[in-house]
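The values are calculated or read from the model by the stated rules, or taken from the named source; none is laboratory data. Note that this is a predicted model, so its numbers are computed, not measured. In this analysis, Cβ positions are derived from the backbone assuming ideal geometry, glycine residues included, and neighbour counts consider all displayed protein chains. The area values use the complete protein model at the heavy-atom level, side chains included, leaving out ligands, DNA and RNA. Shrake-Rupley method; radii C 1.70, N 1.55, O 1.52, S 1.80 Å.
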Amino acid sequence: MKGFSVKSNGIFGFVFLVLLLVGLFFIARGIFTLLSWAAPVLIVGALIINYRTVVNYLKFMLSLLKRNVLTGIIAIILSVVGFPVLAGVLFGKSIFDRKVRKLKETHQQHRQGEFVEYEEVIRNKPRDEFELPPLEKEIPPKEENKYKDFF
């Protein structure tokens, strides 16, 4: 008769967890390696697509350094160490900022070029004459204070 063995299931679970974490580590290392090769191209692309994104990041780092020197230095060190990831993030943000800017421009052109259809609502009563039904407030009976003799 086979029974449930915590010892064997625990060992298999632990081995599976270790293998999963090792696999995730190698996947992350591969992505980081690919990003490190593509980082210069991504930064140049971010500058071409929307240079303000990179400039705003540099301004943010400078203001962080002015506000709190230790935090600014740590952020700069993390930016240098994580430069491949930072390049990818700045590239994505520059594409996103460009799309948002184009959407705003088309919205502004659309808004200025056409009239918007509307329907006029006519009210019978002015707002000042709005009537509510009378409020019936039920007052609960007041309980007698049991402790009034103590004071």
Phi-derived 3J(HN,Hα) across the stretch 40-55 with the Karplus relation (6.51, -1.76, 1.60, θ = phi - 60°), rounded Hz, x for Gly and Pro, is x, 5, 5, 5, 4, x, 5, 5, 6, 5, 7, 5, 5, 5, 5, 5
Magnitude of the Cβ-charge dipole (Lys and Arg +1, Asp and Glu -1) of the stretch 1-107 about the Cα centre, nearest 20 debye, reported as 300
So for each of 43-56, 18-31 I average, over its residues, the number of other beta carbons within 10 Å; can you give me the resulting order with the highest mean first? 43-56, 18-31
Sort Tyr57, Tyr118 from largest to smallest accessible area, using a 1.4 Å probe on the heavy atoms of the protein chains. Tyr118, Tyr57
Using only C-alpha atoms and all pairs of different ones, pull out the Kirkwood radius for the stretch 51-93 in Å with one decimal. 10.6
In Å, the C-alpha Rg and Dmax of the stretch 1-107 are 21.9, 74
